[in-house]
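Please treat every number below as a calculation from the coordinates, not as lab data. All values derive from a computational prediction rather than experimental measurement. Positions of Cβ are backbone-derived with ideal geometry, glycine not excepted, and every protein chain shown enters the neighbour counts.
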Amino acid sequence: MVAQKQIWEMSMTEREKILGRIREALTLTAPHPGTHGRHEPAQTFPGRPVQSAKPWLPDGGETPEEQIAHFRAASTDLKTDFREAADEAAAMAILKEIAQAEGWKKIATHRSELTDKAASALGLPKLLTGGGYDKNEMEACDAGITECDVLIAQTGSLIVTSRSSGGRALSVLPPHHVVIARREQLVRDLTAGFAFIQRKYDGNYPSMISLVTGPSRTGDIERILVLGAHGPKKLTVILW
Amino acid sequence: MTVTLFVPCFVDALFPQVGINMVRILEKLGHRVECPEEIACCGQPAFNSGYWDEARCVAEPTLKRLKNAEAVVIASGSCGAMLKVFYPQLFENKPEAAAAHELSHKVWEFSDFLVKKLGVTDLGAKFPAKVTFHDGCHGLRELGIKSSPRKLLEKVEGLELVEMQDAETCCGFGGTFSAKFPMISTAMGEVKCTSAKQTGADYIVSNDSSCLMHVQGLLSREGSPLKTIHLAEILGGNQQS
Amino acid sequence: MSSHSQEFLDQASVITRDLRHRGLIQTALKKYEVARDKRKSAFGDWQSARQAAAETKWEAINHLDKYLTEFADKLEARGTKVHWASTGEQARDIIVKLIAEKKAKCVIKSKAMTSEEIHLNDAMEKAGFEVVESDLGEYIVQLRKEPPYHIVFPAMHLTRDEISDLFQRELGSAPTQEPEELTMIARRALRKKYIEADIGITGANFAVAETGMISLTENEGNARLTAALPKTMITLLGIEKVLPKMEDLALFLPMLATAGAGQAVTGYNTLYGGPKQADEADGPEEWHVVLLDNRRSLLLADAEQRDALHCIRCGACLNVCPIFRNVGGHTYGTTYSGPIGSVITPHLRGLQNWKHLSGSSSLCGACTETCPVKIDLHHHLLQNRRNASQEEPSALEQFAYKVFGFVANRPGMWQVGKELARMFQPLHKFVLGSKLDPARTWTATRDVQPVAPESFKEWWRKNKSGK
Ligand code: SF4
């Protein structure tokens with residue numbers, strides 16, 4: 001801890017030095033973007049720019065039907081396995097079917113309303129992340145089953161957090177990530193998604209909030225898409 | 001109207017037909033053309049190399065001479081950008097700043113002048129050949145010229161325009177860049193020529209002679225049958241060779 | 001001429017003739033262009049979205065002191081240790097000391113260009129720690145002992161065969177032609193490392209001031225694992241990464257992904273706001289965030305080019321740059337290559353030594369046109385050239401422009417000039433392309449356009465003047 005203290009003391013004076021340099025630099029005003037070499041004044045915004053930006057961004061659909069359609073199309077694009085179920089029983093049947101087809105022996109999951117239902121429907125041995133867990137044991141599980149906070153129609157994404165989805169690793173370490181969610185959790189776009197997170201946690205945020213869009217992927221070899229680079233090779237979303 | 005035609009140094013010396021055709025076209029459309037003999041250069045080479053004082057020495061007389069012009073038409077998109085976009089920067093916080101801004105508003109690249117200012121697209125020209133159009137970067141990005149030359153080409157009898165892949169990619173000329181970094185400039189030119197050849201065109205057309213000089217230089221060296229020609233030469237019906 | 005400049009010229013001369021390299025890069029970037037255009041077309045108005053993004057970054061950068069303090073204070077309030085480093089050396093010291101204090105054996109890293117900028121891996125290895133890059137592309141170039149080729153696609157210059165050979169040599173794996181299988185070889189090797197590693201190091205794409213969080217963009221999940229499993233997490237980021245509010249991500253994440261890789265959004269965009277909290281299952285017990293200046297405040301002081309700090313490192317300007325596409329990433333000899341690298345390297349590492357990068361541009365402006373945050377890139381290259389010439393003019397060049405300017409705008413002298421050229425022109429063919437050829441940089445690969453027998457002005461005098 002002595003070293004840490006030294007580092008910290010040094011860096012406190014650096015903080016003042018850096019902020020001092022910044023303040024001095026900012027005494028000069030920079031031109032606004034888009035004004036360079038142009039004759040017309042650049043476009044300006046009434047409020048914060050992002051608030052005007054909504055219609056310019058890709059859309060997620062107005063009605064619930066449109067939003068589901070968007071999420072479905074995005075999932076196909078992303079190679080997310082998106083399953084829509086009529087009700088809870090149908091959702092659990094889908095889950096069991098997947099478990100059987102893939103020959104799951106053990107799952108990793110966390111305690112919550114929907115994951116509890118999933119775990120009891122499956123009846124498989126399980127690792128619960130609640131009070132800590134063994135990393136090697138989780139790595140050996142066939143699937144990680146979690147809830148999510150919201151689903152986003154615009155991009156086919158979902159948001160998991162360290163508090164609502166069983167920690168940081170559960171949704172990314174096992175080879176298959178399964179998300180159980182309800183239709184009401186689907187929102188139109190990222191703006192709505194972040195607004196939901198801000199409302200829900202009201203300043204008391206989980207330490208990790210992750211926007212997950214499709215299974216893990218890479219294009220690092222000749223720009224050819226490969227799934228399952230480091231995270232899950234498969235992402236399944238079961239929604240009812 | 002009286003059109004002041006600014007024929008930049010390299011067009012004057014190397015591509016006189018481009019200027020001559022512009023004079024003929026503008027006169028045919030009923031305008032009086034004047035051509036100030038005492039200016040030849042916009043100052044771009046010095047400006048682009050970072051020698052702004054030297055560039056101003058060249059630009060000042062140009063600015064002065066063009067002060068009272070009604071409309072200034074430039075025989076090159078690149079020099080057009082120099083006058084229209086870069087003079088205001090070059091003279092920022094200088095006594096000539098206001099004059100530079102004023103000039104900027106009445107400067108036109110040739111094809112844009114015909115289409116946007118004069119509203120003319122059909123000049124009754126004939127050119128029975130397959131051509132592809134290369135957008136000079138300064139004309140395209142500094143001046144925003146994309147449709148004007150194409151509208152003019154569309155009306156040329158017998159001419160078939162085929163767009164090449166990456167028509168908007170730089171040919172690699174870039175002024176002094178082509179001499180300071182010849183290997184990069186050449187590689188870029190080769191990529192451009194390959195795209196142009198893939199169209200099966202007989203000619204690469206552009207509204208900027210500087211790009212064409214570079215591209216033609218490469219094509220001639222390799223003995224390619226593909227030729228280059230300036231838009232004005234097609235429209236004026238008076239070709240160099 | 002600086003040695004960097006000579007090296008650039010030498011390497012450029014070789015690689016621009018390498019048609020295999022040219023083909024490889026063109027093919028990879030063609031794929032990128034198709035994907036990008038498809039994503040762009042899903043935007044209601046891409047140009048307005050760019051302006052909104054640019055204005056947001058303008059707000060952040062022009063109030064950097066306020067947002068940076070807010071960011072740091074919020075982070076600290078939730079148990080994160082924030083360190084400030086004026087120089088790369090300080091940042092390296094802080095990180096190496098932290099690792100030493102933890103008696104760490106293995107460090108796992110997710111992609112961070114800032115760490116390349118300060119040569120962090122070298123420093124850690126010199127201090128005796130094993131460092132493993134976990135992003136697949138970074139892992140590949142690390143095994144090759146090479147810097148990343150591109151800020152977003154680190155291994156885009158390599159073919160699957162080269163990667164297969166590399167894995168056979170370094171990891172003892174079986175040869176394969178399949179990108180899928182190659183990826184799995186790396187996956188297996190790295191999984192062990194995540195679990196063993198004591199320290200995880202990440203970069204950051206954004207620093208959200210409002211909530212005191214970093215946002216990390218990635219596709220592979222390697223950053224997620226790096227931030228989940230090791231006991232200590234260290235994040236290194238430049239001070240320019242700030243965004244005012246969380247909602248701004250709704251604009252920036254799609255723009256970064258679209259411009260950078262032709263994706264709607266990147267696979268994982270993760271916000272971190274602290275170490276493991278009391279009610280959480282896992283995560284690092286300690287989180288250290290190192291804020292790096294390293295001459296960014298100098299660039300900030302240059303109001304004309306301040307917008308270069310808006311950069312979100314999407315790599316789009318590299319992808320469209322015809323210079324980059326022909327010389328490739330390594331020729332630059334810098335951490336940040338392509339247009340943005342040519343603009344900022346002179347600021348970060350010295351104008352006179354790196355001005356050649358600003359010279360090496362045809363000023364076509366494709367970069368400025370594509371930049372999602374509207375940085376005036378190609379005009380900044382012009383400004384760098386101006387600043388360099390003002391500071392240290394080349395006597396010869398300056399003289400040449402003086403003479404040319406003098407001649408060009410004096411009709412009599414200009415006329416004499418053309419006549420002299422006509423006179424000497426026939427002699428040119430005797431020295432064409434040789435050492436004696438004054439125009440050899442042109443004529444080595446290109447024919448010369450001769451001075452016309454009758455110039456425009458001669459024609460004008462004869463036919464028009466006074467008529
Ligand atoms: S300068 Fe613009 S285009 Fe280039 S990497 Fe930065 S944000 Fe992307």
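What to note about this one:
- When the charge dipole of the range B:3-114 is built from unit charges on Cβ atoms (+1 for Lys and Arg, -1 for Asp and Glu) and taken about the Cα centre, the candidate among B:Cys42, B:Gly80, B:Gly30 whose Cα reaches farthest toward its positive end is B:Gly30.
- Farthest towards the positive end of the charge dipole of the protein assembly as shown, among the residues C:Tyr194, C:Ser48, C:Pro244, is the Cα of C:Ser48, using unit charges on the Cβ of Lys, Arg, Asp and Glu.
- Principal-axis tilt of helix A:113-122 within chain A, Cα atoms, nearest 10 degrees: 30
- With the convex hull drawn around the C-alpha atoms of chain A, the volume per residue stands at 223 Å³.
- Rule-of-thumb Rg ratio for the range C:252-382 [Cα; 2.2 N^0.38 Å; N residues]: 1.25
- Normalised per residue, the volume of the convex hull around the Cα set of the range C:99-188 (Å³): 101
- Links that overshoot a 31 Å alpha carbon limit, given the list B:Lys28/B:Lys64; B:Lys67/B:Lys180; C:Lys402/C:Lys457; C:Lys31/C:Lys192: B:Lys67/B:Lys180; C:Lys31/C:Lys192
- Annotation for the range B:155-174 versus the range C:316-353: alpha-carbon center distance of 29 Å.
- Percent of Cα pairs exceeding the 11 Å cut-off, where the set is the range C:157-199: 64
- Neighbouring Cβ atoms from other chains, within 10 Å of the Cβ of residues in B:138-146, number 3 on average.
- Peptide C:17-25 is shielded by partner chain Cβ atoms: per residue, an average of 1 of them sit within 10 Å of its Cβ.
- Rg/Rh for the range C:199-291 (Cα atoms only, Rh after Kirkwood) is 0.96.
- Separation between Cα centres of the range C:95-160 and the range B:1-59, rounded to whole Å: 55
- The coefficient of translational diffusion for the range A:90-224, derived via Stokes-Einstein from the alpha carbon Kirkwood radius under 20 °C and 1.002 mPa s, stands at 137 µm²/s.
- Number of partner chain Cβ atoms within 10 Å, mean per residue of B:13-22: 5
- Value of Rg/Rh across chain B [Cα atoms, Kirkwood radius]: 0.96
- Two-decimal Rg to Rh for the range B:2-116 - Kirkwood Rh, Cα set: 0.96
- Rounded to the nearest 10 degrees, the angle from helix A:190-201 to the longest Cα principal axis of chain A is 80 degrees.
- Cα convex hull of the range C:411-465, projected area averaged across orientations, nm²: 4.4
- Under a 5 Å amide H cut-off, with hydrogens placed 1.01 Å from N, B:Leu161 pairs with B:Val131 among residues at least 5 apart or on other chains.
- Tail beyond 12 Å, pair distance distribution of the range A:133-181 (Cα, percent): 60
- A helix-only calculation puts chain C at -16500 deg cm²/dmol for mean residue ellipticity at 222 nm, using -39500 (n - 2.57) for each DSSP H run of at least four residues, averaged over all residues.
- Measuring between their Cα centroids, the range C:396-454 and the range A:208-231 lie 56 Å from each other.
- Over all directions, the projected convex hull of the C-alpha atoms in chain C averages 28.1 nm² in area.
- Pairwise alpha-carbon distances in the range B:120-236 exceed 16 Å for 57% of all pairs.
- Membrane-span-like helices of chain C, defined as complete DSSP H segments with a Cα extent of 27 Å or more along the helix axis and a mean Kyte hydropathy of at least -0.5, are identified as C:411-431.
- Excluding same-chain neighbours fewer than eight residues apart, the aspartates and glutamates reachable from B:Lys84 by a Cα-Cα span under 15 Å are A:Glu40, B:Glu60, B:Glu70, B:Glu92, B:Glu96, B:Glu102, B:Glu109, B:Asp112, B:Glu142.
- When the Cα convex hull of the protein assembly as shown is projected onto planes of every orientation, the mean area is 39.7 nm².
- For chain A, calculated [θ]222 nm from helices alone, where every DSSP H run of n ≥ 4 adds -39500 (n - 2.57): -11000 deg cm²/dmol
- Percent RCO, i.e. relative contact order, over chain A, from Cα pairs under 8 Å lying at least 6 residues apart: 21
- Compactness of the range C:53-294, expressed as Rg and Dmax over alpha-carbon positions, Å: 17.8, 54
- Cα extents of the range C:302-351 along the three principal axes, largest first (Å): 31, 21, 14
- By the beta carbon rule, with partners counted only under 4.7 Å, chain C holds these lone Cys residues: C:Cys106, C:Cys311, C:Cys314, C:Cys321, C:Cys371.
- Compared with the dominant Cα axis of chain B, that is its longest principal axis, helix B:182-198 is turned about 50°.
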